[in-house]
Amino acid sequence: MTPFVAELLGTFLLILMGCGVNANVVLEGTKGQNSGWMVITTGWAFAVFVGVVVAGPYSGAHINPAVSVGLAAAGKFPWAEVPAYVLAQLAGAMLGAFGVWLMHRDHFNRTIDPGMQLGVFSTAPAIPNRALNFLSELLGTFVLVFTVLYFTDASLSEPETTIGLGSLGALPVALLVWGIGLCLGGTTGYAINPARDLGPRIIHRLVPIPGKGPSQWGYSWIPILGPVSGALVAALLFLALG
């Protein structure tokens, strides 16, 4: 298991389960239809738990380009390794989203609302306001990365691995993401992860879904640049505080 494969598999599992809970809640005819925000945030927390368990011992379990960038900016991860990690994360996210679509094809076919269809894959603002939507993603990711940076001494050994979400332990990081979703996620759906939004959005664009609407590329930069900005702010504040 190489770090690249670990990041790919970890992000694949994250998105398979995370977008899977989205599908279970919003698509027509599922057992969990209309079960609500608590189910979605809890499902995403469990998704993070699984991704971290698998990837943690081998890559540090970044499973998020913003985490990789934030750790590199704080001097905790080599910048030279960031592109490979991000590529693995994006590929894993796309594979996970494709798996969700394949598994739920009958339910996509019954769901006539294109917004609900897209909501399985990607985030969207509850109230469109680009500045505040950007701020929402920035602050959510700031909390994630700033917390991770204060667990940097919990590096793993035998084998020694790069720090990441795995340095917190799978359960604490799952609780952290659950808390971010419950407390800060209601405005935009808390992507807090560029690969989590971009990879599935690409798959939404590519797969056949009856009555499918646009993939909303005009909004797509917010769940990319917002999380990256939040990670950089977290890194800068961490360095400033010494």
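Below is a table of values for the structure above.
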quantity	calculated
Filter result for Leu165 (modelled with pLDDT under 95 and under 18 Å from the mean Cα position of the chain (by Cα))	yes
Any chance Leu206 is within 18 Å of Ile40 (Cβ to Cβ) and over 14 Å from the mean Cα position of the chain (by Cα)	no
Pairs where the first residue, in the range 51-65, is assigned to a helix (DSSP H, G or I) and at pLDDT below 95 and the second is surrounded by fewer than 24 Cβ atoms within 10 Å (Cβ to Cβ) and hydroxyl-bearing (Ser, Thr, Tyr), C-beta under 9 Å, 6+ apart	Gly56/Thr161; Pro57/Thr161; Tyr58/Thr2; Tyr58/Thr161; Ser59/Thr2; Ser59/Thr161; Ser59/Thr162
Qualifying positions in the range 26-57 - of a type outside the set (Ser, Thr, Tyr), within 21 Å of Leu175 (Cβ to Cβ) and over 18 Å from the mean Cα position of the chain (by Cα)	Gly36, Pro57
Top-ranked residue in the range 16-43 [being within 16 Å of Phe108 (Cβ to Cβ) and hydrophobic (A, V, I, L, M, F, W, C); ranked as surrounded by the most Cβ atoms within 10 Å (Cβ to Cβ)]	Cys19
Only one of Gly96, Gly51, Gly70 that is small (Gly, Ala, Ser), under 14 Å from Pro194 (Cα atoms) and surrounded by 24 or more Cβ atoms within 10 Å (Cβ to Cβ)	Gly70
Output for the range 163-221, where each listed residue is assigned to a helix (DSSP H, G or I), touching a Pro at 6+ places or on another chain (Cβ under 8 Å) and not acidic (Asp, Glu)	Gly166, Pro194, Ala195, Arg196, Leu198
Search result, residues across the range 74-85 that are surrounded by 22 or more Cβ atoms within 10 Å (Cβ to Cβ) and assigned to a helix (DSSP H, G or I)	Tyr85
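For every residue, the table says whether it meets (1) modelled with pLDDT under 90; (2) in a loop (DSSP other than H, G, I, E, B); (3) not aromatic (Phe, Trp, Tyr).
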{"residue": "Leu139", "(1), (2), (3)": "no, no, yes"}
{"residue": "Thr147", "(1), (2), (3)": "no, no, yes"}
{"residue": "Phe151", "(1), (2), (3)": "yes, yes, no"}
{"residue": "Glu160", "(1), (2), (3)": "yes, yes, yes"}
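For (1) surrounded by fewer than 24 Cβ atoms within 10 Å (Cβ to Cβ); (2) modelled with pLDDT of 95 or more; (3) charged (D, E, K, R); (4) under 13 Å from the mean Cα position of the chain (by Cα), each residue gets a yes or a no:
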{"site": "Val177", "(1), (2), (3), (4)": "no, yes, no, yes"}
{"site": "Ile192", "(1), (2), (3), (4)": "no, yes, no, yes"}
{"site": "Asp197", "(1), (2), (3), (4)": "no, yes, yes, yes"}
{"site": "Ile202", "(1), (2), (3), (4)": "yes, yes, no, no"}
{"site": "Trp217", "(1), (2), (3), (4)": "yes, yes, no, no"}
{"site": "Ser220", "(1), (2), (3), (4)": "yes, yes, no, no"}
{"site": "Pro223", "(1), (2), (3), (4)": "no, yes, no, yes"}
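The values are calculated or read from the model by the stated rules, or taken from the named source; none is laboratory data. On a predicted model such as this, the values are computed, not experimentally measured, just so you know. We place every Cβ from the backbone using ideal geometry, glycine too, and count neighbours over all the protein chains shown.
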